[in-house]
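Here the structure is laid out as structure tokens; the discussion comes afterwards.
Read-outs: derived from the displayed coordinates by stated rules, not from any lab. Keep in mind it's a predicted model, so treat the numbers as computed, not measured. Every residue, glycine among them, receives a Cβ derived from its backbone with ideal geometry; neighbour counts consider all protein chains shown.
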Amino acid sequence: MEAGHTAAQADAECRVLPAWQGADRQDVASFSAANARLWKSITEHDPEPWKQHMARLAGQWCDYWAGLG
């Protein structure tokens, strides 16, 4: 996603990896939500632009996975 891919495109790229193919979708969604919360918390304490960017990407990834459920 850092390179400009959407969450769906990034997911499609990852699906060729054996570890990704075997991953439980709910586990990925749960991890994605935790990661988004972490980056949100980081930016609340240290709003550097690169951290805000990471928080946005993590949020987009989380929203994508939440929409798959």
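Scanning the stretch 36-69 for residues that are aliphatic (A, V, I, L, M), over 16 Å from M1 (Cα atoms) and surrounded by 15 or more Cβ atoms within 10 Å (Cβ to Cβ) turns up just one, I42. Selection of first residues in the stretch 42-69 that are in contact (Cβ under 8 Å) with a residue 24 or more places away in the chain and of second residues that are surrounded by fewer than 17 Cβ atoms within 10 Å (Cβ to Cβ) and of a type in the set (K, R), restricted to Cβ pairs under 7 Å at least 6 apart or on distinct chains, gives the following pairs, ordered by first then second residue: L68/R25. Report whether or not A33 is assigned to a loop (DSSP other than H, G, I, E, B), surrounded by 11 or more Cβ atoms within 10 Å (Cβ to Cβ) and among the hydrophobic types (A, V, I, L, M, F, W, C). When the stated conditions are applied, A33 does not pass them.
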